[in-house]
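Visitor: Below are the structure tokens for one structure; questions will follow.
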Amino acid sequence: SQTIHQWPATLVQPVGSPLSLECTVEGTSNPNLYWYRQAAGRGLQLLFYSVGIGQISSEVPQNLSASRPQDRQFILSSKKLLLSDSGFYLCAWSVTAGTYEQYFGPGTRLTVT
Amino acid sequence: AQSVTQLGSHVSVSEGALVLLRCNYSSSVPPYLFWYVQYPNQGLQLLLKYTTGATLVKGINGFEAEFKKSETSFHLTKPSAHMSDAAEYFCAVTSRGSYIPTFGRGTSLIVHP
């Protein structure tokens with residue numbers, strides 16, 4: 001069966017510090033991968049998605065970036081965090097054909113202070 | 001472009017009462033439709049999906065949804081609410097051939113004893 005991991009689970013970082021969130025998927029090959037953010041009291045915002053190694057599409061211009069160094073690894077980064085980067089970050093995967101339902105990781109709670 | 005509207009950011013029911021969460025979508029062609037549930041501080045979990053065929057779809061935890069093309073709706077129901085159903089529910093739409101879903105803003109289900 002497939003599983004998706006995210007770490008860390010929680011993170012408190014000062015403004016201006018760097019960020020690295022990691023997501024890995026097990027039990028499937030060549031998945032589509034996604035990063036979402038949930039701000040408090042708001043819905044899901046798609047940040048990045050990837051259909052293959054090194055292929056990243058950005059949905060929202062901001063100070064975040066994403067990379068996919070391996071088939072089942074997706075990393076979200078920032079060089080300098082802003083207060084507005086606080087939120088709940090979710091990684092998800094889907095198959096590359098069919099109905100594309102998404103399977104989500106447990107999330108990372110980021111608080112920028 | 002497609003869109004998803006979830007009527008009511010909060011729905012409150014008594015334990016044992018009917019649950020009805022509304023979802024309407026706009027799409028030029030019949031899309032794939034999904035309901036996800038999110039418990040506090042967790043990722044989203046797929047409840048059910050409609051792709052083709054029977055318009056009444058059964059999901060996990062006793063939930064079901066009916067695709068009504070003429071009404072462009074995909075409302076989620078459960079005959080009898082349980083305290084454990086308290087969560088955030090998201091309706092999502094994906095165009096056939098696309099792997100990027102459009103999510104509604106979510107409905108928070110509150111269950112009173």
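Visitor: Any idea which of A:35, B:47, B:1 is furthest toward the positive side of the dipole for the protein assembly as shown, if Lys and Arg beta-carbons carry +1 and Asp and Glu beta-carbons -1?
Guide: B:1
Visitor: Could you compute how much accessible area chains B and A hide from each other, both sides summed, with a 1.4 Å probe? Nearest 100 Å² is fine. List each step's numbers first, then the result.
Guide: Numbers: alone 6190 and 5960 Å², together 10470 Å².
By this definition, chains B and A bury close to 1700 Å².
Visitor: Here is a further query. Going from the alpha-carbon gyration tensor of the protein assembly as shown, what semi-axes, largest first and in whole Å, does one get by taking the root of 5 times each eigenvalue?
Guide: Values: eigenvalues 178, 89, 47 Å².
Square roots of five times the eigenvalues give 30, 21, 15 Å.
Visitor: Further question on the same structure: Under unit Cβ charges (Lys, Arg +1; Asp, Glu -1), what dipole magnitude, rounded to 20 debye, does the protein assembly as shown have relative to its Cα centre? Mind showing how you got there, number by number?
Guide: Values: 15 positive and 12 negative charges, 66 e Å.
Charge dipole of the protein assembly as shown: 320 debye, to the nearest 20.
Visitor: Sticking with this structure for a sec: Given the C-alpha centroids of segment B:63-113 and segment A:46-97, what is the distance between them in whole angstrom?
Guide: Between the Cα centre of segment B:63-113 and that of segment A:46-97, the gap is 26 Å.
Visitor: When we measure straight from the Cα of residue B:69, which lysines land under 17 angstrom away, once same-chain ones fewer than 8 places off are left out?
Guide: Within the straight-line cut-off, residue B:69 pairs with B:49.
Visitor: Build a GNM of chain A with springs between Cα atoms under 10 Å: which of A:16, A:27, A:98 gets the top mean-square fluctuation?
Guide: Comparing A:16, A:27, A:98 in a Gaussian network model of chain A, the most mobile one is A:98.
Visitor: Just name one of B:107, B:29, B:13: the one whose Cα is farthest towards the positive end of the charge dipole of chain B (beta-carbon charges, Lys/Arg +1, Asp/Glu -1).
Guide: Of B:107, B:29, B:13, it is B:29.
Visitor: Follow-up question, since we're still on this one. How much length is gained if the chain between residue A:15 and residue A:39 is pulled fully straight, taking 0.36 nm per residue apart and subtracting their Cα-Cα distance, in nm to one decimal?
Guide: Computed gain between residue A:15 and residue A:39 is 7.0 nm.
Visitor: Still on this structure, please answer the following. Taking Cα pairs under 8 Å and at least six residues apart, what relative contact order does chain A come out at, in percent?
Guide: Working: 281 pairs, mean separation 40.6, N = 113.
That works out to 36 percent.
Visitor: Average the reciprocal distances over every distinct pair of alpha-carbons in segment B:7-113, invert the result, and give the Kirkwood radius in Å.
Guide: On the way: mean 1/r = 0.0715 Å⁻¹.
Kirkwood hydrodynamic radius for segment B:7-113: 14.0 Å.
The values are calculated or read from the model by the stated rules, or taken from the named source; none is laboratory data. Bear in mind that the values here come from a model prediction, so they are computed numbers and not experimental data. Using ideal geometry, Cβ is built from the backbone for each residue, glycine included, and neighbour counts are taken over all protein chains shown. In case anyone asks, the SASA skips ligands and DNA or RNA and just uses the protein heavy atoms, side chains included. Shrake-Rupley method; radii C 1.70, N 1.55, O 1.52, S 1.80 Å.
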